[in-house]
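What follows is a single structure, written as structure tokens, with notes after it.
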Amino acid sequence: MPSILQYATQEVPAGTGSLPLSLTQGVEINLTSIWLTATSTTNQLTFWGNIGWSIQLLNQAVTPQLTFRIRQNGFSSSNPILFQITDSELFPGNMGFITQTTFNTSFIHTQIPDPTTIGVAVPYYLTVSYFGLGNVAISGPVNLTGQVLG
């Protein structure tokens, strides 16, 4: 059975820091980051994430689509994507009310480390981008956890 060689976590509770954070369509932003160091090519990297998000429902159809990514070494579009997951919701128009609705997206991802990063502390970034109709915000909590198994 593998042992936990390293563990890192970052959590931003709802209502703290910059949360809620309004999203701009087509702009990828950094939510949080952790650092991990693999010591062998036989190690496994495991990531968990949990992101609370919300949408303002108006009297119109809304179809938000959020893409959450784990990027290595930075959070720009030029940095490698290790993992991504997309979450979306469809709300028909003419609902006759204005309210805020909250959702939660969670994931688990496991992979072997890049051989060129063995013995190097590597930053991993949790990012989000948004496409679709509606006013979307990251409401929290936001959590990224990782571990190195060996």
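Principal axis extents of the C-alpha atoms in segment 1-61 (largest first, rounded to whole Å): 54, 24, 22.
Evaluating 6.51 cos²θ - 1.76 cosθ + 1.60 at θ = phi - 60° for every residue in segment 124-138, the Karplus couplings come out as 10, 10, 9, 10, 9, 9, 10, 9, x, 9, x, 9, 10, 9, 7 Hz, glycine and proline recorded as x. Each Cα pair under 8 Å and six or more residues apart adds its separation to the average, and for the chain the resulting relative contact order is 49 percent. Rolling a 1.4 angstrom probe over the protein heavy atoms with all chains in place gives the chain an accessible area of 50 Å² per residue.
Applying the Karplus relation 6.51 cos²θ - 1.76 cosθ + 1.60 with θ = phi - 60° to segment 42-49 yields 3J(HN,Hα) values of 8, 5, 10, 9, 10, 10, 10, x Hz, where x marks Gly and Pro. Return the long-range amide H neighbours of W53 (sequence gap of 5 or more, or a different chain), with a cut-off of under 5 Å between placed amide H atoms. Residues meeting the amide H criterion: F103, N104, T105, S139, G140. Between the amide H of F83 and those of I70, distances stay under 5 Å, these residues lying 5 or more places away or on another chain, with hydrogens modeled in the peptide plane. When T39, T63 are compared by accessible surface with a 1.4 Å probe, the order from highest to lowest is T39, T63. According to the Cα-based calculation, Rg over Rh for the chain is 1.05, with Rh computed by the Kirkwood formula.
The values are calculated or read from the model by the stated rules, or taken from the named source; none is laboratory data. As the structure is a prediction and not an experimental result, all values here were calculated from the model. Accessible surface areas use protein heavy atoms only, side chains included; no ligands, DNA or RNA. Shrake-Rupley method; radii C 1.70, N 1.55, O 1.52, S 1.80 Å.
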